[in-house]
Amino acid sequence: MADVPDNAPEHCPGTASEQAGKTSACQGCPNQKICSSGAARAPDPAIEEIKEKMATVKHKILVLSGKGGVGKSTFSAHLAHGLASDVSAEPNGLAGRLQSEQTGLQVAHSMLCTSDLHHT
């Protein structure tokens, strides 16, 4: 299930379940408190901020795959670097890269980012 945290016990009902944080499988889980509070089912407060910021981005390219290990992060890192280096591009143009992961940010190492430069 997509709504089961990586560190959850085997029979976790999932964060979207009404039983989240309340079943016997939840006992001892590090996520139990937040799951039982219902906060895990609430909409992410950053969504509106992200929508506003993405609205100012002129061109967006989505790189995705249903399989891991196929080079999405490497490809998109090289693509962003190439676009940023393009001297024929729009003057003062900027190229950036946003990566969203369900299992943790793998790209921070490839982009030489420190923990204060990416939002988890």
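The values are calculated or read from the model by the stated rules, or taken from the named source; none is laboratory data. What you are looking at is a predicted structure, and each value in this text was computed from that prediction instead of being measured. All Cβ positions, glycine included, derive from the backbone under ideal geometry; neighbour counts span all protein chains shown. Remember, those area values only see protein heavy atoms, side chains included, never the ligands or the DNA or RNA. Shrake-Rupley method; radii C 1.70, N 1.55, O 1.52, S 1.80 Å.
Points worth noting:
- The distance linking the range 14-51 with the range 56-82 is 29 Å (Cα centroid to Cα centroid, whole angstrom).
- Reach of K22 by Cα under 20 Å, taken over lysines that are not fewer than 8 positions away in the same chain: K33
- Note that the range 6-48 presents 66 Å² accessible area per residue, ligands and nucleic acids not counted, probe 1.4 Å.
- Simple spin-label estimate for E18 and A84 gives 4.9 nm between the two label positions (7 Å along the Cα-to-Cβ direction from each Cα).
- By the rule of a C-alpha distance below 20 Å, with chain neighbours fewer than 8 residues away ignored, the lysines paired with K51 are K60.
- Taking the 1.4 Å solvent-accessible surface of the range 1-51 as the whole, the part contributed by carbon and sulfur is 55%.
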